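Working notes for the structure below.
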Amino acid sequence: DLHPKLKALMEVEAAVETETAFVLDTKHRNAFRTGKSRNYGALKPYQIGTTPDWTGWVNAAENKVRIIDFKSRKRVTHPRENLQIITQAVAVFETYGCNFVEAGLGYLDDGYYDSYEFSRFELPGLWAKLEEIVRKANAAKATQLQTGEHCTYCKALMVCPAQKQALTVLMTDGEAMEAAVATMPDAQVAKIHTTLLAAEKLLSRVDKAI
């Protein structure tokens, strides 16, 4: 069950949404809903997909929305500097048209809530920050990207050039496979394992068809 402290934060006025997928367009500075469960479609180089775990109006009079992203127990960067949370806040500003976004991190182990209230006056600066990140990401070469523990919660895991490069190595070099797996976080190994199982089933179907 959800910790009582976090449950209390979710008792809001209206318009509660869970796991709504948004796409931010850094080229035109707008955002739009795409559906549920990280269903972003084919993202363009200047677009970012993001999914707040929970969204709700906390004060209609002040035009204020609260978003919460849940974490298990490991403390992460404060919401004011957390790029995942900033992306979610910008998506909500542009989609809801609100004046304030209280963006929070809710920790499931003890109910600790870490939050920051963004104002619409901050929106141009937030957009500028995201535009710079997208510019750097598009300029980077796959060989410059490094996999590791920081990949665990990355929403671009399955489309990342570095991950694709790692998968290519895994499929073609046995010794490199053992070395790579030894340095990967468990979540990443699990995702790769699932992908390989699906590929194995597809290959089996092709063999039978032949």
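Is it the case that some residue within segment 62-74 is open to solvent by less than 10 Å² (accessible area, probe 1.4 Å), within 19 Å of His28 (Cα to Cα) and among the hydrophobic types (A, V, I, L, M, F, W, C)? No: zero hits.
Whether a residue is over 29 Å from Ala42 (Cα atoms), modelled with pLDDT under 70, assigned to a helix (DSSP H, G or I) and open to solvent by 40 Å² or more (accessible area, probe 1.4 Å) was assessed, and Ala198 does not pass this test.
Under the condition of being charged (D, E, K, R), out of contact with any Pro (no Cβ under 9 Å at 6 or more places or on another chain), open to solvent by 60 Å² or more (accessible area, probe 1.4 Å) and assigned to a loop (DSSP other than H, G, I, E, B), the residues counted in segment 28-59 number 2. Within segment 110-119, the set of residues being farther than 15 Å from Ile85 by Cβ and in contact with a helix residue (DSSP H, G or I) (Cβ under 6 Å, 6 or more places away or on another chain) comprises just one member, Gly111.
For (1) open to solvent by less than 50 Å² (accessible area, probe 1.4 Å); (2) part of a strand (DSSP E or B); (3) on the phi > 0 side of the Ramachandran plot, each residue gets a yes or a no:
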residue: Arg80; (1), (2), (3): no, no, no
residue: Phe93; (1), (2), (3): yes, no, no
residue: Gly104; (1), (2), (3): yes, yes, no
residue: Gly111; (1), (2), (3): yes, no, yes
residue: Phe118; (1), (2), (3): yes, yes, no
residue: Gly125; (1), (2), (3): yes, no, no
residue: Asn138; (1), (2), (3): no, no, no
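Evaluation of Ala8 against the conditions (1) open to solvent by 50 Å² or more (accessible area, probe 1.4 Å); (2) in a loop (DSSP other than H, G, I, E, B); (3) among the aliphatic types (A, V, I, L, M) shows that the sole unmet condition is (2).
The values are calculated or read from the model by the stated rules, or taken from the named source; none is laboratory data. A quick note: this is a predicted structure, and the numbers were derived from the prediction, not measured. Positions of Cβ are generated from backbone atoms using ideal geometry, with glycine treated the same way; all protein chains shown enter the neighbour counts. Calculation scope for accessible area: heavy atoms of the full protein, side chains included, ligands and nucleic acids excluded. Shrake-Rupley method; radii C 1.70, N 1.55, O 1.52, S 1.80 Å.
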